[in-house]
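Novice: Questions regarding the structure given below will be posed in turn.
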Amino acid sequence: MPGFVETFFNLEIMRAALPYLLQGLGTTLLLVLLVVPLGIAGGLAVALLYRSPRRRVRWPLILYVDFFRAFPPLVLLIFLYAGLPFAGIEIGAFTAVAIGFFLNNSAYYGEVLRAGIESVPRGQWEAARSTGLSAPRAMLWVVLPQAVRNVLPDLVGNTLEVVKLTSLASVVALPELLFAARQAQSLTYNPSPIVLAAIIYLVLLWPFVRLLSRLEHRMLVSR
Amino acid sequence: MNAWDRFAATFLDTDVMARYLPDIAAGFATTVWLALLVVLAGLALGLALALLRSLRFRPLSALIVLHVDLFRALPPLVVIVLLYFAMPNAGWSPSGFVATWLALTLVLSAFAEEIFWGGILSVPKGQWEAARSTGLGFLATLTWVVLPQAIRVTIPPLTNRTIAITKGTALGSVVAVSEILASAQTAVSFSFNPSPLTLGAAAYVVLFFPVVLFGRWVETRFAWKR
Amino acid sequence: MQREPPVLSIRGLRKSFGATEVLRGIDLDVRPRELVFVIGPSGSGKSTLLRCCNRLEEPSDGSILFDGTDIRAPGTDINAVRRRIGMVFQSFNLYPHMTALGNVTLALRQVLKKPRREADEIAAAALARVGLADKQGAYPGELSGGQQQRVAIARALALEPKAVLFDEPTSALDPELVGSVLQVMRDLREAGMTMVVVSHEMGFARAAADRVVFMDQGEIVEEGPPAAIFGAPQHARTRAFVDQIVRH
Ligand SMILES: Nc1ncnc2c1ncn2[C@@H]1O[C@H](COP(=O)(O)OP(=O)(O)OP(=O)(O)O)[C@@H](O)[C@H]1O
Ligand SMILES: [Mg+2]
């Protein structure tokens, strides 16, 4: 049996696979740039609509959020990618990922932002309105900044999850980082490309994990 | 035939559903079993790590932080793929079930450790001192004074995180675990009809929706004003 | 009268946090039934002194004899020592998830291994002693600050300590609640409890203290009867401090 290093950290194979993996990384980053803003926008819509005094508006929103908290995103993705074509709707891997993630992430961001907005005392809103600020301005300039600050760890944490979630796109053959690594592995019969992909994820995400730890810790101490 | 009828005929074909119901049910059982094992092992390991960290022994804490950071940074699917496709090269070939279970357990343990540790830290130092000043030992103080208070701030985020990670059992379909999603996909390819997928989706909702509602209830129940 | 040995005997006690030396050689004896009152400016090391006595802080040097036991000796069971030295904190530190009774019984059951019935009886008596017989089932969040501090005192008393250390027991209280806590402390003194009290309640010191110790910059500058320390302090530093608080 070949040695451990030769098997898992085969530099030759890693070097050969690197360009391919970097291409995959490019796709991953592109996905992130697409699904994070979309998810935040959707989540903001959920959180703002939730302020409605009408229960007929709030109930469906809770249902929507809880549905996607209960539903595995991979199942949603497979449904869109492999199920819809039976109805004559071919949307392709990229669109399936975009739609699936939008639905899923809007729910999660929505829950975070809703909690953030609710954490801002009502007096802030009233003070802003009493100085003549319109409702959208009061929301944008007074309430939202405080809301974001109050739930910053959850926002960062959720974004980290979203980035990690993009690895699911490999299942529907979207050539992002993990997909590229598995392709390279099956071509070389060597796991080094997967190890390299894991290392790339670590290098990319570890600083955010550290940041998150710091933020969470600060919230605990400041309380 | 209007649009709804056509949709129903495609996605809600009762004949197909009935035919593959046993398969999906078997997948359901596998998912439940896998999920239970992940939750038990992941939370137990996470709590054990947090307790070890409370000893505040530097080298040990550093190792624990390393473990936590590693499995918070790596996507669960990457861990599963590593275990399933790469470990055989090292002479250990875990089944898809074991690979998925181990990967999700490690990931859950990392998040759980961080949440438990945060809970322990959130208990003021004075609580430790008061208990120790009456002669309680380290373990007794942890058990009777600190953990009961830590648990209260821990439960809501822990429930949410546990649900989110346990849903990842669906990732097992990628490494040939015949849980709900894989069973449904197999059925789709045999029947040339997506209805088993609908059935599988419903199975997930049946399984996890009550857990999410429980999480909501817990969140309001444990919202604690000091 | 035969002189009894001191309950607490501190010699050459030093404590450093990193490079800063907070206690710089403290010698202090506390005799049975004596109430020693410790005063001094903020940061002079009063809390640290008390916390060294039950090793909540690890002393850097010196010896502490409590009831004949060297508490710094390697073989000493510090938990056994701690249950015989009561401690009362400025911020009460009651367990918020337990009732008043639960707060008092915890150590009785876990440290002294008393059965529940007996622990409950002892705790009820301790709560009655601090005037809270009717608050057994109340959670700390449902009690006033003064009541919480009295529960904390009951928690210490239930273990039948040889001495009780008080670290600014009334500083976190609203003025109208201070009296009830001081009354409990006065009762304790009447009952012959040995006490070391760090506090700014000079009225209480004049009325109840046997001896006042003035600390500054980690040293005991001067000690003596309350009348002497407050009326005719010998050292300039003591005079400055006393002037300041008396005029205050
Ligand atoms: N854990 C610690 N680490 C570092 N320095 C400390 C620590 N605890 C206390 N100190 C320092 O030791 C000195 C004495 O502190 P101590 O709390 O004993 O003072 P004090 O006389 O009780 O003051 P106060 O009246 O404000 O309570 C202070 O300068 C304080 O900053
Ligand atoms: Mg102090």
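The values are calculated or read from the model by the stated rules, or taken from the named source; none is laboratory data. Note that the structure is predicted; figures quoted are calculated from it, not measured. Here the Cβ is made from the backbone with ideal geometry for all residues, glycine too, and neighbour counts use every protein chain on show. Only protein heavy atoms, including side chains, enter the accessible area calculation; ligands, DNA and RNA are left aside. Shrake-Rupley method; radii C 1.70, N 1.55, O 1.52, S 1.80 Å.
Novice: Quick check on this structure: which one of C:A100, C:A80 is without any contact (Cβ under 8 Å) to a residue 40 or more places away in the chain and either open to solvent by less than 50 Å² (accessible area, probe 1.4 Å) or more than 8 Å from chain B (Cβ to nearest Cβ) (or both)? Reasoning before the result, please.
Specialist: Numbers: C:A100 fails: without any contact (Cβ under 8 Å) to a residue 40 or more places away in the chain.
Every option except C:A80 fails the conditions.
Results for (1) within 14 Å of another protein chain (Cβ to nearest Cβ); (2) open to solvent by less than 50 Å² (accessible area, probe 1.4 Å), shown as yes or no for each residue.
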{"position": "B:A50", "(1), (2)": "yes, yes"}
{"position": "B:R53", "(1), (2)": "yes, yes"}
{"position": "B:P59", "(1), (2)": "no, no"}
{"position": "B:L63", "(1), (2)": "no, no"}
{"position": "B:H67", "(1), (2)": "yes, yes"}
{"position": "B:R72", "(1), (2)": "yes, yes"}
{"position": "B:P76", "(1), (2)": "yes, yes"}
{"position": "B:Y84", "(1), (2)": "yes, no"}
{"position": "B:A90", "(1), (2)": "yes, yes"}
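Novice: Could you please find all residues in region A:183-218 being closer than 18 Å to B:F116 by Cα, within 9 Å of chain B (Cβ to nearest Cβ) and of a type in the set (A, V, I, L, M, F, W, C)?
Specialist: If the condition is that a residue be closer than 18 Å to B:F116 by Cα, within 9 Å of chain B (Cβ to nearest Cβ) and of a type in the set (A, V, I, L, M, F, W, C), then A:V209, A:L212 are the ones that fit.
Novice: Would you confirm whether or not region B:54-68 contains a residue that is outside any helix (DSSP H, G or I) and hydroxyl-bearing (S, T, Y)?
Specialist: no
Novice: Within the group A:A87, A:A70, which residue is within 23 Å of B:S195 (Cα to Cα) and surrounded by fewer than 17 Cβ atoms within 10 Å (Cβ to Cβ)?
Specialist: Testing whether each residue is within 23 Å of B:S195 (Cα to Cα) and surrounded by fewer than 17 Cβ atoms within 10 Å (Cβ to Cβ) leaves just A:A87.
Novice: Kindly check whether there is at least one residue in region B:141-155 that is touching a residue at least 60 places away in the same chain (Cβ under 8 Å), out of contact with any Asp or Glu (no Cβ under 7 Å at 6 or more places or on another chain) and within 20 Å of B:V38 (Cα to Cα).
Specialist: Within region B:141-155, one or more residues are touching a residue at least 60 places away in the same chain (Cβ under 8 Å), out of contact with any Asp or Glu (no Cβ under 7 Å at 6 or more places or on another chain) and within 20 Å of B:V38 (Cα to Cα).
Novice: Go through region A:169-182 residue by residue and tally those that are open to solvent by 10 Å² or more (accessible area, probe 1.4 Å) and within 11 Å of chain B (Cβ to nearest Cβ).
Specialist: Total satisfying the criteria: 4.
Novice: Determine, yes or no, whether A:L63 is touching a residue at least 60 places away in the same chain (Cβ under 8 Å) and not β-branched (V, I, T).
Specialist: In short, no.
Novice: Considering only residues that are more than 16 Å from ligand 1 (Cβ to nearest atom) and touching a helix residue (DSSP H, G or I) at 6+ places or on another chain (Cβ under 8 Å), look in region C:83-97 and name the one that is most open to solvent (accessible area, probe 1.4 Å). Break it down stepwise before answering.
Specialist: Taking region C:83-97 first, the residues more than 16 Å from ligand 1 (Cβ to nearest atom) are C:83-86, C:94-97.
Remaining after also requiring touching a helix residue (DSSP H, G or I) at 6+ places or on another chain (Cβ under 8 Å): C:83, C:85-86, C:94-97.
Numbers: C:R83: 65, C:I85: 4, C:G86: 4, C:L94: 13, C:Y95: 2, C:P96: 31, C:H97: 38 Å².
Checking each candidate, the answer is C:R83.
Novice: Would region C:178-196 turn up any residue that is away from every other protein chain (no Cβ under 14 Å), open to solvent by less than 60 Å² (accessible area, probe 1.4 Å) and within 16 Å of ligand 2 (Cβ to nearest atom)?
Specialist: no
Novice: I want to confirm something. Restricting to region B:197-226 and keeping residues that are at the interface with chain A (Cβ under 10 Å from one of its Cβ atoms) and over 26 Å from B:P75 (Cβ atoms), which single residue is farthest from the chain's Cα centre (by Cα)?
Specialist: Start the filter on region B:197-226 by keeping residues that are at the interface with chain A (Cβ under 10 Å from one of its Cβ atoms), which leaves B:197-198, B:200-201, B:203-213, B:215-216, B:219, B:226.
Among the residues that remain, those that are also over 26 Å from B:P75 (Cβ atoms) are: B:198, B:206, B:210, B:213, B:216, B:219, B:226.
Numbers: B:T198: 23, B:V206: 17, B:P210: 15, B:L213: 16, B:R216: 17, B:E219: 18, B:R226: 30 Å.
If we take residues in region B:197-226 being at the interface with chain A (Cβ under 10 Å from one of its Cβ atoms) and over 26 Å from B:P75 (Cβ atoms), then B:R226 is farthest from the chain's Cα centre (by Cα).
Novice: Would you call C:Q149 more than 16 Å from ligand 2 (Cβ to nearest atom) and under 20 Å from B:E129 (Cβ atoms)?
Specialist: no
Novice: Looking only at region C:217-238, count how many residues are assigned to a helix (DSSP H, G or I) and under 21 Å from C:R24 (Cβ atoms).
Specialist: Total satisfying the criteria: 4.
Novice: While we're on this one: What's the number of the condition C:R117 fails, among (1) within 14 Å of chain B (Cβ to nearest Cβ); (2) part of a helix (DSSP H, G or I); (3) not hydrophobic (A, V, I, L, M, F, W, C)?
Specialist: (1)
Novice: A follow-up question, please. Go through region C:47-63 and give me each residue that's more than 12 Å from ligand 2 (Cβ to nearest atom) and of a type in the set (S, T, Y).
Specialist: C:S60, C:S63 - these are the residues of region C:47-63 that are more than 12 Å from ligand 2 (Cβ to nearest atom) and of a type in the set (S, T, Y).
Novice: Of the residues A:A41, A:A93, which single one is at negative phi and buried (at least 16 other Cβ atoms within 10 Å of the Cβ)?
Specialist: A:A93
Novice: Can you say whether C:V111 is more than 16 Å from ligand 2 (Cβ to nearest atom) and among the β-branched types (V, I, T), as far as the supplied structure shows?
Specialist: Yes, satisfied.
Novice: Does region C:48-58 contain at least one residue that is within 27 Å of C:V242 (Cβ to Cβ) and open to solvent by 30 Å² or more (accessible area, probe 1.4 Å)? Let's see the steps before the verdict.
Specialist: Taking region C:48-58 first, the residues within 27 Å of C:V242 (Cβ to Cβ) are C:48-53.
Restricting the remaining residues to those that are open to solvent by 30 Å² or more (accessible area, probe 1.4 Å) gives C:51.
Yes: one or more hits.
Novice: For region B:63-118, give me the residue count where each residue is among the small types (G, A, S) and under 23 Å from A:N190 (Cβ atoms).
Specialist: 8
Novice: Still on this model: State all residues of region C:197-216 that are surrounded by fewer than 20 Cβ atoms within 10 Å (Cβ to Cβ) and assigned to a helix (DSSP H, G or I); if no residue qualifies, say none.
Specialist: C:M202, C:G203, C:R206, C:A207, C:A208
Novice: Please state which of the following conditions A:P153 fails to meet, knowing it meets all the rest: (1) out of contact with any Asp or Glu (no Cβ under 8 Å at 6 or more places or on another chain); (2) within 30 Å of A:G26 (Cβ to Cβ); (3) open to solvent by less than 50 Å² (accessible area, probe 1.4 Å).
Specialist: Tallying (1) out of contact with any Asp or Glu (no Cβ under 8 Å at 6 or more places or on another chain); (2) within 30 Å of A:G26 (Cβ to Cβ); (3) open to solvent by less than 50 Å² (accessible area, probe 1.4 Å), A:P153 fails exactly one: (1).
Novice: A further question follows. Let me confirm something: among B:L82, B:L147, which residue is within 29 Å of A:V195 (Cβ to Cβ) and in a helix (DSSP H, G or I)?
Specialist: Criteria check complete, one pass: B:L82.
Novice: Considering only region C:146-177, how many residues are part of a loop (DSSP other than H, G, I, E, B) and either within 14 Å of another protein chain (Cβ to nearest Cβ) or within 16 Å of ligand 1 (Cβ to nearest atom) (or both)?
Specialist: So the answer is 11.
Novice: Right, another one. Which one of the conditions (1) modelled with pLDDT of 95 or more; (2) closer than 23 Å to C:V7 by Cβ does C:L127 fail to meet, given that it meets all the rest?
Specialist: All conditions are met except number (2).
Novice: Report, by residue number, each residue of region B:178-192 that is in contact with a Phe, Trp or Tyr (Cβ under 7 Å, 6 or more places away or on another chain) and within 10 Å of another protein chain (Cβ to nearest Cβ).
Specialist: B:I180
Novice: So, restricting to strands (runs of 3 or more DSSP E) that lie completely within region C:1-70, which ones have at least 1 residues that are within 9 Å of ligand 1 (Cβ to nearest atom) and more than 17 Å from the chain's Cα centre (by Cα)?
Specialist: Result: C:8-17, C:20-30.
Novice: Does region A:1-28 hold any residues that are within 14 Å of chain B (Cβ to nearest Cβ) and under 27 Å from the mean Cα position of the chain (by Cα), and which are they? Show your work before the answer.
Specialist: Step one: filter region A:1-28 for residues within 14 Å of chain B (Cβ to nearest Cβ), giving A:1-10, A:13-14, A:17, A:21, A:24-25, A:28.
Listed by number, the residues that qualify are A:A17, A:L21, A:G24, A:L25, A:T28.
Novice: Next question. When both residues are 6+ apart or on different chains and their Cβ atoms are under 6 Å apart, which pairs have a first residue that lies in region C:112-139 and is closer than 17 Å to B:L136 by Cβ, and a second that is assigned to a helix (DSSP H, G or I) and not aliphatic (A, V, I, L, M)?
Specialist: So the pair list comes out as C:A119/C:T105; C:A119/C:R109; C:A123/C:T105.
Novice: Going through region B:175-189 one residue at a time, which ones are surrounded by fewer than 22 Cβ atoms within 10 Å (Cβ to Cβ) and in contact (Cβ under 8 Å) with a residue 40 or more places away in the chain?
Specialist: First, the residues of region B:175-189 that are surrounded by fewer than 22 Cβ atoms within 10 Å (Cβ to Cβ): B:175-176, B:178, B:185-186, B:189.
Listed by number, the residues that qualify are B:V175, B:A176, B:S178, B:T186.
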